[in-house]
1. Cβ-Cβ below 7 Å, separation at least six or inter-chain, first residue in region 145-163 and of a type in the set (Asp, Glu), second in a loop (DSSP other than H, G, I, E, B): which pairs?
2. What about Leu58, is it part of a loop (DSSP other than H, G, I, E, B) and either farther than 19 Å from Val103 by Cβ or within 11 Å of ligand 1 (Cβ to nearest atom) (or both)?
3. Filter region 35-68 down to the residues that are basic (Lys, Arg) and touching a Ser or Thr at 6+ places or on another chain (Cβ under 9 Å), then identify the one that is farthest from Glu4 (Cα to Cα).
4. Would you point out which residue out of Tyr125, Tyr120 is modelled with pLDDT under 95 and either within 11 Å of ligand 2 (Cβ to nearest atom) or small (Gly, Ala, Ser) (or both)?
5. Regarding region 15-29, can at least one residue be identified that is in contact with a Pro (Cβ under 8 Å, 6 or more places away or on another chain), without any contact (Cβ under 8 Å) to a residue 12 or more places away in the chain and either away from ligand 2 (no atom under 16 Å from the Cβ) or not hydrophobic (A, V, I, L, M, F, W, C) (or both)?
6. Lys80 is checked against (1) under 19 Å from Leu129 (Cβ atoms); (2) in a strand (DSSP E or B) and fails just one. What number does that condition carry?
7. Are any residues in region 104-125 out of contact with any Ser or Thr (no Cβ under 7 Å at 6 or more places or on another chain) and more than 13 Å from ligand 1 (Cβ to nearest atom), and if so, which ones?
8. Being over 16 Å from the mean Cα position of the chain (by Cα) and either part of a helix (DSSP H, G or I) or surrounded by 13 or more Cβ atoms within 10 Å (Cβ to Cβ) (or both) is the filter here; which residues of region 24-47 pass it?
Amino acid sequence: MSNEEVHGLSLQIANNVLKLDIWDQSLFHLFLPIQTKNEVRTEYILQVIQGRDKNVALSRSDFETFELRHFLLTDQTTIKVNEYGIPEPKGDDFEIKDEDLDVVFIPLLAVDKYGNRIGYGKGFYDRFLAKCRPNTIKVGISFFEPLNFTITTNDTDMPLDQLVTPKGVVKFRSP
Ligand SMILES: Nc1nc2c(c(=O)[nH]1)N(C=O)[C@@H](CNc1ccc(C(=O)N[C@@H](CCC(=O)O)C(=O)O)cc1)CN2
Ligand SMILES: Nc1ncnc2c1ncn2[C@@H]1O[C@H](COP(=O)(O)OP(=O)(O)OP(=O)(O)O)[C@@H](O)[C@H]1O
């Protein structure tokens, strides 16, 4: 995918995020893209969320425990790219508990028609989502539509509620 394609499709995804039924919620968790990985450029989604005056949380990854810690994004937040190429907030101000997040946007490599997800491994998101509230809205973000075959799951895998792609929104229901 060319850089222009990545940006154009990411902008379409941000426009489709507007169609989600999430705008009565207040605290949104977002990932910032790993530049070297052709991930969806979430800066456009960030603009959409902030344009609606919602609060945004960003995470720092701990590669010893494979846990994420979340911090409120403010005017004072400094972002630094870590050794894995992930942009992360610096400092310990305004830490946010997993249970306080209303909506979580999730990066993924592939998803099937049931909302089962394949990530980059290490289980960061499976651990994180398991600690969120049951009614936290889990939204996958992808350039691609769901796969036609079923992804094999294990009992720690956390399925998605919805998926946003450049084409639109996909809602999942349990099989
Ligand atoms: N933008 C973004 N942030 C995210 C994730 C993500 O997928 N995307 N994660 C979702 O879980 C977590 C980080 N997950 C990661 C999992 C593995 C490696 C890793 O093993 N990197 C190796 C090899 C990279 C490769 O395979 O090419 C390295 O950089 O040396 C990095 C990040 C949290 N933050
Ligand atoms: N809630 C959890 N508690 C402890 N270990 C977990 C938990 N969730 C996942 N793991 C472990 O993390 C490892 C990676 O998980 P998995 O292969 O499912 O990652 P993934 O599907 O790529 O998703 P992710 O994006 O979350 O990394 C596995 O060894 C799994 O057992």
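The values are calculated or read from the model by the stated rules, or taken from the named source; none is laboratory data. Quick caveat: nothing in here was measured; it's all calculated off a predicted structure. Heads up, the Cβs are rebuilt from the backbone with ideal geometry, glycines too, and the neighbour counts pull from every protein chain shown.
1. What qualifies is Glu145/Thr165; Glu145/Lys167; Asp157/Asn116; Asp161/Gly115; Asp161/Phe172.
2. Against the criterion (part of a loop (DSSP other than H, G, I, E, B) and either farther than 19 Å from Val103 by Cβ or within 11 Å of ligand 1 (Cβ to nearest atom) (or both)), Leu58 does not qualify.
3. Lys54
4. Result of the check over Tyr125, Tyr120: Tyr120.
5. no
6. (1)
7. Within region 104-125, Lys113, Gly115 meet the criteria.
8. Going residue by residue through region 24-47, those that are over 16 Å from the mean Cα position of the chain (by Cα) are 24, 36.
Passing the criteria: only Thr36.
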